[in-house]
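Presented below is the structure to which this report refers.
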Amino acid sequence: MLALLFIAFAVTMGLALVLTPLVKKFAVRIGAIDVPNHRKVHTRIMPRLGGVAIYGSFVIGILLVLPFVPEGTLSSYNRDLIYGLLTGGTIIVLLGALDDKFDLSAKLKLLVQIGAACVVVFGFDVKIDLLNIPFGSDMQPLGEWLSIPLTIFWIVGVTNAINLIDGLDGLAAGVSGIAVATIMVMAIIMGNTPVILISAVLLGSIIGFLFFNFHPAKIFMGDSGSLFLGFALATLSMLGFKQITVVSFVTPLLIIGVPLSDTFFAIIRRWRSKKPIFAPDKGHLHHCLQQLGFSHRKTVLIIYGIAAFFGTCAVIQSAVSNSGLGNWITFIVICALVFLLQIGAELIGIVDQTRRPVLDLLARLRMKPQTHSRGK
């Protein structure tokens, strides 16, 4: 099985290395290009559609690997989810490819994303169906009225979160690669063979594409890539965590903590400035870091480091979640991360450049002991 894992990774990476230059030429020929403007960081015309290369190498890799998977390794649920990922992923890639060429409206893209999520939920009966109440002991079935919309919301939300951070060379691909690697490490710890193999195939296609996408990029992944990677991460996390609990649901949230937190802050920022939620701006994490003076490459590497930190927290949290103190440790981890996220957001001004309530409070608390000591 270890040999199959390395072969799957190597084959898909090789496929991505071969397909990406071909897709680049095709994108230029049909005019699927990204033109610089006031909101974008790049300064020259770039071909898009790179996601087609990621998708193509992934699909070919999966089809090549599946016949060699030992009998009994894949449950019916695993097979349904893989087929749901391939079917829904195809819809998502087609949507992204059309957007790379024609710049579709945000509402149309959202509707198609919901449709692709519905394919996974209704076509292949894949959904979050169990809930564990924190600090309780009994697993309780979720009614379909809650499990179905929760699953669709999860898939659509993660899909768009990856799309929103695709603003610098290699950023979305690298963060997605770290998330997939995190899922693979956790799958190895749990002995979940299907997740290990799918993660290896997806990781190989991402790394192969990164050879052409890291700064200075020769091709962008476009919406075809960012939407597909988001969709794949959303469904892959459900493959690894079928029986979702409130505690274990924190794990996939941590795995993709960077894009989710950036999306959350973007929603708050646009709501505060009374702008549409889908309105683009230059207030994302990578924009803020560049405004602080970091170079293109350093900004990407810093965000890679943050994503790796979230991934490490996810692995640790997953390891302790089954212990007797799992619920309390998870609660402490959540509180600590929320505090750190708020501090980081205020430091870089990702929501508001002027308001820093927590930092101001800490400054006042620090000044009080100094005032008392001087009075004495």
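The values are calculated or read from the model by the stated rules, or taken from the named source; none is laboratory data. On a predicted model such as this, the values are computed, not experimentally measured, just so you know. Please note: Cβ atoms are built from the backbone with ideal geometry, for glycine as well, and neighbour counts cover all protein chains shown. With ligands, DNA and RNA removed, areas are computed over all heavy atoms of the protein, side chains included. Shrake-Rupley method; radii C 1.70, N 1.55, O 1.52, S 1.80 Å.
Normalised by the residues of region 165-321, what does the relative contact order come to in percent, with Cα pairs under 8 Å and at least six apart? Before the final figure, lay out each step's value.
On the way: 150 pairs, mean separation 54.5, N = 157.
35 percent.
Mind telling me which of ALA217, ALA363, ALA308 comes out most flexible in a GNM of the chain, alpha-carbon contacts under 10 Å?
ALA363
Express the relative contact order of the chain as a whole percentage, based on alpha carbon pairs under 8 Å and six or more residues apart in sequence. Numbers along the way, then the final one.
Working: 531 pairs, mean separation 80.8, N = 376.
It rounds to 21 percent for the chain.
When Lys and Arg each count +1 and Asp and Glu each count -1, what net charge do the other residues less than 10 Å away from GLY225, Cβ to Cβ, add up to? Walk me through the intermediate numbers first.
Details: positive: ARG48; negative: ASP100, ASP166, ASP223.
With Lys, Arg at +1 and Asp, Glu at -1, the neighbours total -2.
Work from the charge dipole of the chain (Cβ charges, +1 for Lys and Arg, -1 for Asp and Glu, about the Cα centre) and give the residue of LEU15, ALA27, VAL112 farthest towards its positive end.
Selected residue: ALA27.
Which percent of the accessible heavy-atom area of region 1-91 goes to carbon and sulfur, probe 1.4 angstrom?
Working: 3320 of 4790 Å².
Taking all protein chains in place, region 1-91 shows 69 percent carbon and sulfur surface.
May I ask for the net charge around LEU359, where only other residues with Cβ less than 14 Å from the Cβ of LEU359 are counted and Lys, Arg are +1 while Asp, Glu are -1? If you can, show how the numbers build up before the last one.
Details: positive: ARG355, ARG356, ARG364, ARG366; negative: GLU346, ASP352, ASP360.
Summing Lys/Arg as +1 and Asp/Glu as -1 gives +1.
Give the long-range amide H neighbours of ILE33: residues separated by 5 or more places, or on another chain, with amide H under 5 Å away, using H modelled in the peptide plane at 1.01 Å from N.
Amide H neighbours of ILE33: ARG48.
Assuming a viscosity of 0.890 mPa s and a temperature of 25 °C, what translational diffusion coefficient in µm² per second does Stokes-Einstein assign to region 36-115, Rh being the Kirkwood radius over Cα pairs? It would help to have the intermediate numbers written out before the result.
Working: Rh = 15.2 Å.
Once the numbers are plugged in, D ends up at 161 µm²/s.
Please build a GNM for the chain, connecting alpha carbons under 10 Å apart, and tell me which residue among VAL333, VAL59, VAL93 fluctuates the most.
It is VAL333.
Just list whichever of LYS107/LYS274; LYS109/LYS274; LYS25/LYS282 have alpha carbons separated by over 27 Å in the model shown.
Values: LYS107/LYS274 18 Å; LYS109/LYS274 22 Å; LYS25/LYS282 30 Å.
Result: LYS25/LYS282 exceed 27 Å.
Given the chain, what whole percent of its Cα pairs are spread farther than 30 Å? Working shown, then result.
Values: 27775 of 70500 pairs.
When all Cα pairs of the chain are counted, 39 percent exceed 30 Å.
Take each complete run of DSSP H in the chain, measure how far its Cα atoms stretch along the helix's own axis, and keep only those covering 24 Å or more with mean Kyte-Doolittle hydropathy at least 0.0; list them. Kindly include the intermediate steps, with their values, before the conclusion.
On the way: long enough: 2-30 (41 Å, 1.93); 76-102 (39 Å, 0.60); 144-164 (29 Å, 1.23); 171-190 (29 Å, 2.34); 193-213 (30 Å, 2.08); 222-240 (27 Å, 1.15); 296-320 (37 Å, 1.21); 326-348 (33 Å, 1.95); 357-375 (27 Å, -0.51).
Membrane-span-like by this criterion, though nothing is claimed about a membrane: 2-30, 76-102, 144-164, 171-190, 193-213, 222-240, 296-320, 326-348.
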